[in-house]
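Notes for the one structure printed next.
The values are calculated or read from the model by the stated rules, or taken from the named source; none is laboratory data. As the structure is a computational prediction, the values presented were derived from the model and not from experiment. All Cβ positions, even for glycine, are placed from backbone atoms using ideal geometry, and neighbour counts span all protein chains on display. Only protein heavy atoms, including side chains, enter the accessible area calculation; ligands, DNA and RNA are left aside. Shrake-Rupley method; radii C 1.70, N 1.55, O 1.52, S 1.80 Å.
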Amino acid sequence: MAEAIAICKAEGVLSERTADLCSVVRSYRNLIHPGRMTRLKEEPPNRTTCDIATALIELIVADIAKTRRATVGLTAEQILSKLLRDSSSLTILSHLMAEVNDQQRRRLLEDLIPKTYFGYAPEDDAFDDTLERLATAHRMIFDLSSDSIKQITAERFVHILKEDDGDTISRYRAAFFRAPDLAVVPAANMAMVKEHLLGSAPSIHTTVSLKTIEGIGPFLEVSDCMKWFDPFMRTLVSTNTRDHIKNKAKEVLSETTWVTSKDFDRQLAKRLNDWLKHYENLNSEVNVRVVKELQDEILALTSP
């Protein structure tokens, strides 16, 4: 412990005052060793010596916290506490993160926010948006972080995908992973993660699934066309899907086809024709009209 105190003092982690206090506590620490107490015939610990040791530790912790704030900035625990206590914290999060170093950002993304998210039990309160706030904060911090931290965070999802149960994977994906994150997934695992994203989409899209799949365009290959497109088609012809979801589906569809390859676009045109023939055989005039309108929109987007 003496060596540790000296190193911390030399590195500026401990002030001279705190280092002196640590040395005092070091001697009090010896009171818990009965062999030393017997050998040196020292008095056994009592309430007074315990109170002194505790008070010294509190002084040391306060002094180290002050030094840490000055040299390290805000800690991951401080950011998490702010998110949990302040419902408006997202409005200033980007400013707070300017005071957070890479190590603390990594702890927030990889450990603290996900762990808190999965362990949080919402009260029976319609206004409790804590889980949504944590998920949004995770995304904001991810976007503000370096590529190396993004890669580590993506590797965390790969680990969960390989080893955890289906419910955990679904909850983690919905809260903390988006299709554009494929760019920082290790190359050896990217195909697997993309296949998971496409395969996890429901037959008819929801708000959550659209948010997850949005931005996958640059990673789509010709072989992905049917798996990617069919849920969009079912969503747009569904009579039970609300208009705001259909509108979002059209938006995501348009944004995706804007960046897909020409080979993919040709495959998409073939798939649209398959759907058109399907609804023509069913004499479903409404759905035929939906497909034809979609064909016109996509043709306008993909034509040179």
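Yes/no matrix, rows are residues, columns are (1) β-branched (Val, Ile, Thr); (2) free of Cβ contacts under 8 Å to residues at least 40 places away in the same chain:
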position	(1), (2)
Phe229	no, no
Leu236	no, no
His244	no, yes
Thr260	yes, no
Leu268	no, no
His278	no, yes
Leu282	no, yes
Asn287	no, no
Leu301	no, no
- request: For segment 127-159, name all the residues that are aromatic (Phe, Trp, Tyr) and closer than 18 Å to Ala76 by Cα.
  value: Phe142
Lone qualifier among Thr71, Thr54 - being modelled with pLDDT under 75, surrounded by fewer than 14 Cβ atoms within 10 Å (Cβ to Cβ) and within 42 Å of the chain's Cα centre (by Cα): Thr71
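Each row is one residue, and each column tells you yes or no for (1) over 38 Å from the mean Cα position of the chain (by Cα); (2) over 27 Å from Gly73 (Cα atoms); (3) at pLDDT 80 or above.
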| site | (1), (2), (3) |
| --- | --- |
| Ala6 | yes, no, yes |
| Lys9 | no, no, yes |
| Asp20 | yes, no, yes |
| Arg26 | yes, yes, no |
| Asn30 | yes, yes, no |
| Gly35 | yes, yes, no |
| Glu42 | yes, yes, no |
| Cys50 | yes, yes, yes |
| Glu58 | no, no, yes |
query: Identify, please: which residue in segment 235-278 is open to solvent by 20 Å² or more (accessible area, probe 1.4 Å) and among the aromatic types (Phe, Trp, Tyr) and is, among those, farthest from Leu210 (Cα to Cα)?
result: Trp275
- prompt: With respect to the numbered conditions (1) without any contact (Cβ under 8 Å) to a residue 12 or more places away in the chain; (2) in contact with a Phe, Trp or Tyr (Cβ under 9 Å, 6 or more places away or on another chain), which one is the sole condition not fulfilled by Ala121?
  reply: (2)
